[in-house]
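Enquirer: Sharing a structure, written as structure tokens. Questions coming.
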């Protein structure tokens, strides 16, 4: 275990959208959470020397490179953050683990369950901290929802409904792009991992599923679309509870529809990512005349809220979720104890995605354990 107050050199592979978010997070996490480890932005890697230098100066890194192997092998880089495309995740993680370096990897963990299994095995062999970037489950509201469920506040859960709905490709006249080519960029590859992780966090593992995965707009500007636009899943959890999930990038009007409804014998919970600082709770422990969903505004009494703000209802945002992730990763490195979600959760999500695609092709229920 590194000593409290020890600097730790952070290397980030990828300087784009998520690379910037992680760089910003590691710049402030020690101030907000007073972490035992004090991160130092040591090196950033990009696909060209020009962009790498731009990220270095823009984000405050000491050095930069256009070679991820140079970053991983550098002795001053003591922990690796992978924020590059998923087809690069496996090789970078394996190289870092071989050197005994902790790894944080953006979702999805890998292109296939088999590749994810290699990464999980390498992490276990190295015996170092490993985490996967499912940031949305870290909102104070959803962390509180997990507490309520663990405490049995809504009784025995009877059903679950989850979704991840956005509309960035709802317009059928939108042109073809990298987003409309290849499974990795489709709805199941890009969006689905988040609600699947949410379902795992709130309900536990998924045992079986039946899925319909579809391409709504087959062509865009005369160019064939080679991945999926939306998916409908019927779920059976290992607990025996049943549920459903809808994932779409063509859900007109939805911008951040990371949402769920959970029903129990003594209450219910609702959440919508477009109002991420509120949780809706219904309980039956009040007179009938007083029953109804009540809006709970997150505040200092909820998990991971107080470091950002002392005022209830003032709220946290997207970047704050990434900062919470950074805090959790540093905690895992310092304590030597796993902090969920680890690479094992990344593998579990990969398995559900693979099972859903197989189910849709076969028009049948499938067991997640088979993938």
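None of the figures in this text is laboratory data; all of them are computed from the coordinates on show. These numbers come from a predicted model, not from an experiment. Positions of Cβ are backbone-derived with ideal geometry, glycine not excepted, and every protein chain shown enters the neighbour counts.
Enquirer: What ranking of 309, 45, 64, 187 emerges when the number of other C-beta atoms within 10 Å of each C-beta is taken as an exposure proxy, fewest first?
Expert: Fewest-to-most ranking of 309, 45, 64, 187: 309, 64, 187, 45.
Enquirer: Roughly how many Å is it from the Cα centre of the range 246-313 to that of the range 96-168, as a whole number?
Expert: 20
Enquirer: Another question, then. Counting only helical runs of four or more DSSP H residues, what would the 222 nm mean residue ellipticity of the chain come to if each run contributes -39,500 (n - 2.57) and the total is spread over all its residues?
Expert: Per the formula, -10500 deg cm²/dmol.
Enquirer: Sticking with this structure for a sec: P(r) tail for the range 301-347, what percent of Cα pairs lie past 15 Å? Please list the in-between numbers first.
Expert: Numbers: 581 of 1081 pairs.
Of all Cα-Cα pairs in the range 301-347, 54 percent lie more than 15 Å apart.
Enquirer: For the range 215-371, take the alpha-carbon Rg, divide it by the Kirkwood Rh, and send me Rg/Rh.
Expert: On the Cα set of the range 215-371, Rg over Rh gives 1.02.
Enquirer: Next question, about the same structure. Based on the alpha-carbon gyration tensor of the range 111-197 and its eigenvalue square roots a ≥ b ≥ c, which shape applies: rounded if a/c is under 1.5, prolate if not and a/b is larger than b/c, or oblate?
Expert: Here the range 111-197 falls in the oblate category.
Enquirer: Would you mind listing how long the range 7-136 runs along its three principal axes, going by Cα atoms, in whole Å with the largest first?
Expert: Computed over the range 7-136, the largest-to-smallest principal extents equal 37, 34, 31 Å.
Enquirer: Neighbour counts of other C-beta atoms within 10 Å: give me 272, 67 arranged from fewest to most.
Expert: So the ranking, lowest neighbour count to highest, is 67, 272.
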